[in-house]
Every structure is written in C-alpha cells, then in structure tokens.
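A short worksheet on the structure shown next.
The values are calculated or read from the model by the stated rules, or taken from the named source; none is laboratory data. Note that the structure is a prediction, hence the values are computed from the model and not measured. Note: ideal-geometry Cβ built from the backbone for every residue, glycine included; neighbour counts use all protein chains shown.
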C-alpha cells in the first residue's frame, strides 16, 4: 500500500512539472509571437506608402516638367522634388502596359499578350493571351496586402471583366473601378464601340454600379474615391494606392466651366506648339540643344493646308485635351493635399507614368454609330459628343519623338515617368538609364523589402521579368541595364527591341509597311529619322537575333487568321472556355499558329 502511494505521489509530481513546463512554454510562445507581431508591425510602420498614378494616352511632352505648355503645377512639384527618368518605356497600348505595371512581367506571359478584345484567331485563349491577368501572376496589390499593406484602387482597370479577374478579386481591399478601356467621362456611360460594351462597367468594391452620380466626371470622381480610402483608414499601416485616370483618353470631354480655359491657345497650329515644346525641353535639359524639330510622319495635313473651319476644329480638339490634363493635375493636387493633411505625404513614394503615347485614332475607329453624336464645333467636349485628338496633334504631343500610340516609334512607347518620396535622394533628370513598365513592381518590392513567393493560390508563378531600379534613385552613376541587357515590346504586330543605344522597329500599316525592320541609334538619332539597317547589317542581324530569343522566352504568338472577335462573333468570343463550336470556327479560318520570330 505504501509502495502504491509512493508511485502515485511520483506520478502527481511529474504531472505538475509537465503542466508548469507547458504553461511556461505557452507563455514563452505567446511572448515570442507577440514579439514577432510587434516586429512585423514596426516593419510595416517603417515601410513607405505608395501612390502609383497612371495617365491614359499621355503624350511625352504634354506635362510642364517635360516641356509642355499645359498648366500642370502639381505634377511640376512632384518633378521638382523627385526624379524624372527620361527613358521610360511601355507597350504601345494600354492594357499590356497596365499588365506590366501590376505583374512585374512581360505582358505576353501575364495574360495580356494582345489588347483585349483584339486577340487574333491564332492567339485566342492561348497561354499568355487570355485577356486578363492569368494564374501565373501574383499582382502587386496581392503581394503588398499579404505583407500588411492596405490596398486601394480608383480608376481604369482594363485587365479583365470576368469573375475572379476584377480588382476586388485581384488584391485590392477597396476599389472604385472602371473595367474597360475607355468610355464617356460623364455619367452617361456610353462605350467606345460595340465590342467594348461587355466591359464598360463600373464597380464600387464588389458591387456593380448601375447609375453614376449626375455630376460624375471621371478624374474628379477617381480622386474623390482615393481621398476617401486614404482618410477613412484608421490604423497606421502603410497603403498602396493605384490611381488610374482615364484622362486624356478619348472621347475628349470637359465640364462646362472648363470649356474655354484654353480658348485660342492652339490657334497658331501644330508647328508653333511643337517649337514651343522643343525650346522648353532644351532649356530643361531633356533633349540636346542642337536637336532639330521632328518633321512628322507626313501622314497628316499640314496646318497651312487646312481650311479655316478645319483649323478651328483642330484647335478645339487640343483645347479640350489640354483642359482634361489640367483638371487631372488639380485632382492629383487634391490627393497630395489629403496625404499632407493626414500626415502621410512625407512617407509616400509617388510614381507617375503614362501607359503609352497619345492617341492618333479618329472616332470612326470605334464604330461609334451605335448612337448619334453632335460633334459640331459648338458642342465638342460635351456629354453627347465624341471627338478624339487625332494624328496630327498626337504627333505634336510626342515631340520630339516619332509617331504615337499603337506604334513602336519612340512617341508610342517612351512615356513620362516621375518618382518622388522617401529614398529618392537623386533629383533632376536621369538621362542615361532605360527602364521598362515591368520594372515598377520589382522596384517597389525592393524598396519595401518584400519578396514575392514562387507559388500563390496553389499556382506556380512565372518569374518576374522586370529589373529593380531602386539603386538608381539614390546612387549617382548606377546602371539599371547594361549595354547587353535589352528588352522587347510588341502589340498587334508592332514590334521593337532596344539594347543599349540601338533599336530595331517594325510598324504595321497605316504608319509602317508591315514588312520592314528599321535600325536606329537612339543616342545619335532619338527622332528615328536615319534608318541604318542597310548601312549596318551586322547590328540589324544581332538585334533580330535578340528579338527572336525574346519572343521565344515570353511565348509570343504571331497574329494570324484575322481578329478572333470577327471570326467567332461577339457571343462566341466572350465564352469562358474554348468549346467545340469555337474550335470548329477557328479551324475553318485555316489557322497556322506561329510561335517565336518571323
């Protein structure tokens, strides 16, 4: 009996020690967890806020920091307190560029290899051409949100309207989003054309907006929503804001009180404004002082060839375009002021970038006979009008560069870029480095010390193809890409490959012949006026080899078989899968899919 009692006593003592040890271990675990949480919270507090501003169809020389006569004082202040990167490149079209910004990878990998809904029949529903950010992507807001950031979006999406592909499903905690490529800037929500109807949709977070406020004007409202998200945030965690304006994308619309803000400013015509911008750019050190004016493509009438009425109509287009940009600048100023009042501006990295060059299209491109518009001189810019900038002014906005949106001339793919905020210790202009839209995400992750995982939602992610330019922001003489590290861009068979000072360019009709590669030395000839292909065939062949390697690496599929939208028809085109009906229609088109180079 005594032995039993003794053994029982030992068991009880052992249990007590175990309980105490477990309690101490739990206390220690909680203490460690609390320490980890405190460390993470402290890390988040030290991380900068991020505001990424995207401007839609912006010409290179439009803004005052880039030589423009348009009043943009708030953007000017960003430039004065930050760094301009003179050589920033994107896709020649908007959706592919936005895919670059938010994925960190080439658009042919991320799902927007072609501008939706302009995929070729050969590209339809092929990997990289889905028309939305595919499962190989973890978006920038998803990565940041997983690491303690609040994520806000206001404005244009254009990266998928399908379920699971909308902003509130792609990492944004709060969002007011327009899913399409363009539409009325007022509350009447008319689309650019018949094929745009399906994504001419607004969402307030996850709720589709059936009716916009009567006083809706795109730039004002997008800024209002971003200010709302910033000011409603209760904690001190960092935020990522994606402010994607639809201005100055056509249709050119301004509120009534802005109709005459630039009256008469463009009556002297194309060459007069081009010269003013050239002179300003030389004073700012953006172009060489001996660089001649760009003569233009010759595709459009000269100012002195226009009738008096044509001159009035053309001047009016530019008046409206300029007013749209000044309104946007004021809205950017309101957002920056809200950040200042909230005590957040000093710790906010602000990036401003264009998505491509200015738009040369006239309204007939969009098949806008869906409804009648009154495009008379007196009605231009009002809600029931649809006017565009058109090609001659688009060339002026690209000063001093060649061409505009849709093309791979410098005017189509070289865009304004400004960055300011913590860590941006170099000021002025970086005129030596070349950066690409894919570099934005790697740079921001580098700045914040965040790593993107290799898998997400059980999907293996593709590697980011962009390069961080963080070092360039604080170290004079740093190199983002060396002379052998080139990059390619392509959209709708308009192509370019740039390596060091050299560039090859291939442009489709009507602005190119769709047959010939041209070779330029951008250092000696930034206007792309001297084709060196015959003079230097070895360099041409070298870059063509680089182009071929690039297309193989990213999974480029050559445009073939006509537009899938026209081959399949609207009903079949927007199906969620490639069914037997669509397969038969595509086979009937006698497609021959070609991957890789020419």
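Among residues belonging to segment 189-206 that are part of a loop (DSSP other than H, G, I, E, B), in contact with a helix residue (DSSP H, G or I) (Cβ under 8 Å, 6 or more places away or on another chain) and within 18 Å of residue 565 (Cβ to Cβ), point out the one that is modelled with the lowest pLDDT. Please lay out each step first, then the result.
Step one: filter segment 189-206 for residues part of a loop (DSSP other than H, G, I, E, B), giving 189-190, 192-193, 200-201, 205-206.
Pick out the ones that are also in contact with a helix residue (DSSP H, G or I) (Cβ under 8 Å, 6 or more places away or on another chain) and you get 190, 192-193, 205-206.
After this cut, where a residue has to be within 18 Å of residue 565 (Cβ to Cβ) as well, the list is 192-193.
Details: 192: 83, 193: 79.
Result: 193.
Is at least one residue of segment 571-583 within 25 Å of residue 438 (Cβ to Cβ) and surrounded by fewer than 19 Cβ atoms within 10 Å (Cβ to Cβ)?
Looking only at segment 571-583, we keep the residues that are within 25 Å of residue 438 (Cβ to Cβ), and these are none.
No: zero hits.
What residue, of 216, 168, 172, 186, is under 17 Å from residue 101 (Cβ atoms) and either part of a helix (DSSP H, G or I) or modelled with pLDDT of 95 or more (or both)? Walk me through how you get there before you give the answer.
Values: 216 fails: under 17 Å from residue 101 (Cβ atoms); 168 fails: under 17 Å from residue 101 (Cβ atoms); 186 fails: under 17 Å from residue 101 (Cβ atoms).
None of the others qualify; the one that does is 172.
Each row is one residue, and each column tells you yes or no for (1) more than 23 Å from residue 535 (Cα to Cα); (2) in a loop (DSSP other than H, G, I, E, B).
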| site | (1), (2) |
| --- | --- |
| 464 | yes, yes |
| 468 | yes, yes |
| 476 | yes, yes |
| 479 | yes, yes |
| 482 | yes, yes |
| 489 | yes, no |
| 498 | no, no |
| 504 | no, no |
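Taking helices (runs of 4 or more DSSP H) that do not extend beyond segment 1-111, which have at least 3 residues that are surrounded by 12 or more Cβ atoms within 10 Å (Cβ to Cβ) and at pLDDT 95 or above? Quick ask: steps written out before the conclusion?
Details: elements: 2-46, 73-80, 94-103, 107-110.
Qualifying helices (runs of 4 or more DSSP H): 73-80, 94-103, 107-110.
For residue 433, indicate whether it is surrounded by fewer than 24 Cβ atoms within 10 Å (Cβ to Cβ) and out of contact with any strand residue (DSSP E or B) (no Cβ under 8 Å at 6 or more places or on another chain).
Values: surrounded by fewer than 24 Cβ atoms within 10 Å (Cβ to Cβ): yes; out of contact with any strand residue (DSSP E or B) (no Cβ under 8 Å at 6 or more places or on another chain): no.
Considered against the rule, which asks whether it is surrounded by fewer than 24 Cβ atoms within 10 Å (Cβ to Cβ) and out of contact with any strand residue (DSSP E or B) (no Cβ under 8 Å at 6 or more places or on another chain), residue 433 comes out as no.
Looking at segment 117-150 only, could you name the residues that are touching a residue at least 60 places away in the same chain (Cβ under 8 Å), closer than 16 Å to residue 165 by Cα and outside any helix (DSSP H, G or I)?
Those that are touching a residue at least 60 places away in the same chain (Cβ under 8 Å), closer than 16 Å to residue 165 by Cα and outside any helix (DSSP H, G or I): 117, 125, 127, 128, 129, 135, 136, 137, 138.
Looking only at segment 325-365, count how many residues are within 12 Å of residue 54 (Cα to Cα) and either assigned to a loop (DSSP other than H, G, I, E, B) or at pLDDT below 95 (or both).
Number of matching residues: 2.
I'm trying to understand the selection: among the residues of segment 354-364, which are touching a residue at least 40 places away in the same chain (Cβ under 8 Å) and surrounded by fewer than 23 Cβ atoms within 10 Å (Cβ to Cβ)? Give the steps one after another, and end with the answer.
Looking only at segment 354-364, we keep the residues that are touching a residue at least 40 places away in the same chain (Cβ under 8 Å), and these are 354-361, 363.
Once the filter is applied, which keeps residues that are touching a residue at least 40 places away in the same chain (Cβ under 8 Å) and surrounded by fewer than 23 Cβ atoms within 10 Å (Cβ to Cβ), segment 354-364 yields 361, 363.
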